[in-house]
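Okay, so here's the structure we're looking at.
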Amino acid sequence: MTNDGHTETVRRLIGAAGGTARGLADAVTRLGPQRVVPVLANEVMFRCGPARNHIPVTAELVIGFGADATTVAMAFPTGKPVTAAGDSDGPMVMTFEVDAVDLVRELFGPARGRTTGLGRITMHTTNPDGSPDWAVGAAASVVADQLVVACTAQKPDLGTVALAYDSDKWGALHWFAAHYDRHFAPLRDDAVTVLEIGIGGYGFQDGGGSLRMWRRYFHRGEVYGLDIFDKSHIEDLRMGTLVGDQSDAAVLREIAERYGPFDVVIDDGSHVNEHILTSFRALFPYVRAGGFYVIEDLWTTFQPGFGGRDTPGSSPGTSLDLLKRIVDGLHHEEHTAAGEPSYADLHVVGLHVYHNIAFLEKGVNAEGGIPAWVPQGHEVISAMYPKKDPATGAS
Ligand SMILES: C[S@@+](CC[C@H](N)C(=O)[O-])C[C@H]1O[C@@H](n2cnc3c(N)ncnc32)[C@H](O)[C@@H]1O
């Protein structure tokens, strides 16, 4: 993570925001403005996303601590991420005043969907003679929307978040966001820990689109990206990067011991079939019960360049073969000639496969097999359903 002091502060605020009003107020007071304001400012600017106003302007966020307040000036440079403002970033068009405790609850507590009534809004959109400045006013409205919404408890859908933060999980390349929304919706108010293999950009671009997307989506979560290339320069609060090769099980276990257990692991790394299998075996034990292991880009099952085979059917060693065996394993208690069940047999409780993406649900797969008194022997079944002569229909 970007700064150990701030990371510790954000963890404490997330914990307190999920508790009582008194506990939260005490935590904010104990931490004090020096520690709380930078974290809140960072989070609000991040949640604004790229500025949508048509001319560059600035805005003020005033964070109140009892009788005191700290002003944070923010630049909204058209089309770019919102940052701390300097002197030449455009006219100051609005002020939003909000109490620190209320803001912590909105940002880091379970979302309640409130969108108004959090603080005082003052617009600065008139000319010195009091007449409206229409150009500034148009920009100010957009900035007000972005800033106020960024400060309030929101759960935007993942497709919207993916587009805002440059992830390819929704749109021209993949249509994964709707599937993620379906399965991850119940986790959104939790202080989840997410590990995604593959930060993006390989060795020549920054990447990080999906990490930012998950940071925004899981508003109380901590997300870690693992990549074979060092991406530490994109780290931010609630968003860490790790270096490692997903084909190295020992490295994965070391990482999981340190940062797990995980609520969610997503494999969007090399997509080499052998790597997918190694990573699943190494990391699935570190997914908590009720969590998910997700494998993206199943298409490489059919790509010889990725260790796949260009024909449907049985292709040992591929991601789809793993999933087909998991369907058998889900029913391990029914196997009449069963060997020892594997870890996956015992702990995958649900499998959802869509075009190019699979969600494996973790739990305890031990509901008990079908009881002995349920008719199942060959003799019993043939007595109940005697074979008929196909020509005459007689038994
Ligand atoms: C498809 S991109 C990830 C995109 C990102 N998850 C997103 O949605 O924005 C794949 C990434 O996996 C990384 N990668 C490739 N081989 C890897 C390996 N063996 N171990 C870990 N990461 C690897 C690449 O460097 C690349 O950045």
Report summary line: Karplus ³J(HN,Hα) for segment 319-336 (6.51 cos²θ - 1.76 cosθ + 1.60, θ = phi - 60°; Hz, whole; x = Gly/Pro) runs 5, 5, 5, 4, 5, 5, 5, 5, 4, 4, x, 4, 10, 4, 6, 9, 5, 7
Query raised in the report: Between Ala139, Ala191, Ala250, which gets the highest mean-square fluctuation from a Gaussian network model of the chain, Cα cutoff 10 Å?
Result: Ala250
Query raised in the report: Which value, in debye to the nearest 20, describes the size of the charge dipole of the chain about its Cα centre when Lys and Arg Cβ atoms bear +1, Asp and Glu Cβ atoms bear -1, and nothing else is charged?
Result: 740 debye
Query - For segment 243-395, projected area of the alpha-carbon convex hull averaged over all directions, nm² - result: 12.7 nm²
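Which value, in Å², gives the accessible area per residue of segment 4-151 when a 1.4 Å probe is used on the protein heavy atoms? Kindly include the intermediate steps, with their values, before the conclusion.
On the way: 6860 Å² over 148 residues.
Computed with neighbouring chains in place, this is 46 Å² per residue.
Remind me, relative contact order of segment 158-362 in percent, using alpha carbon pairs under 8 angstrom and six or more residues apart?
On the way: 392 pairs, mean separation 30.0, N = 205.
Over segment 158-362, the number comes to 15 percent.
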Query raised in the report: Hey, what do the phi angles of segment 351-368 turn into as Karplus ³J(HN,Hα) couplings, whole Hz, using 6.51/-1.76/1.60 and θ = phi - 60°, x for Gly and Pro?
Result: 9, 10, 10, 10, 4, 6, 8, 10, 10, 10, 8, 8, x, 10, 8, 8, 7, x
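Give, as a single signed number, the net charge of other residues whose beta carbon lies under 15 Å from the beta carbon of Val364, with Lys and Arg counted +1 and Asp and Glu -1. Working shown, then result.
Working: positive: Arg288, Lys362; negative: Glu333, Asp345, Glu361, Glu367.
Summing Lys and Arg as +1 and Asp and Glu as -1 gives -2.
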Report summary line: Mean separation of Cα contacts under 8 Å (at least 6 apart) over the residue count of the chain, i.e. the relative contact order in percent, is 10 percent
Query - Cα centroid separation, segment 241-286 to segment 55-72 (Å) - result: 42 Å
Query raised in the report: Counting each DSSP H run of 4 or more residues in the chain as -39500 (n - 2.57), what helix-only mean residue ellipticity at 222 nm follows after dividing by all residues, to the nearest 500 deg cm²/dmol?
Result: -10500 deg cm²/dmol
Query raised in the report: Counting only protein heavy atoms and using a 1.4 Å probe, what share of the accessible area of the chain belongs to carbon plus sulfur, as a whole percent?
Result: 55 percent
Query raised in the report: In whole percent, what relative contact order does segment 1-129 give with Cα contacts below 8 Å and a gap of six or more residues?
Result: 24 percent
Query raised in the report: Hey, which lysines would be in cross-link range of Lys169, C-alpha to C-alpha under 25 Å, not counting anything within fewer than 8 residues on its own chain?
Result: Lys80, Lys155, Lys231, Lys324, Lys362
Report summary line: Computed over segment 158-362, protein heavy atoms only, probe 1.4 angstrom, the accessible area per residue in square angstrom equals 42 Å²
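So what's the net charge close to Ala51: Lys and Arg +1, Asp and Glu -1, counting the other residues with Cβ under 12 Å from its Cβ? Don't jump to the answer; show the numbers that get you there.
Working: positive: Arg52, Lys80; negative: Asp89, Asp145.
After counting each charged neighbour, the total is 0.
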Report task. Quick one: work out the % antiparallel among DSSP beta bridges in the chain, nearest 5. Result -> 55 percent
Query - segment 134-189-segment 310-341 distance, computed between alpha-carbon centres (Å) - result: 38 Å
Query raised in the report: In degrees, nearest 10, range 0 to 90: what is the angle between the Cα axis of helix 273-283 and the longest Cα principal axis of the chain?
Result: 80 degrees
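The values are calculated or read from the model by the stated rules, or taken from the named source; none is laboratory data. Keep in mind the model is a prediction, meaning the values are calculated, not measured. Reconstructed Cβ throughout: ideal geometry from the backbone, glycine too, with neighbour counts over all protein chains shown. Ligands, DNA and RNA are stripped out before the accessible areas are found, and what is left, the full protein with its side chains, is counted by its heavy atoms. Shrake-Rupley method; radii C 1.70, N 1.55, O 1.52, S 1.80 Å.
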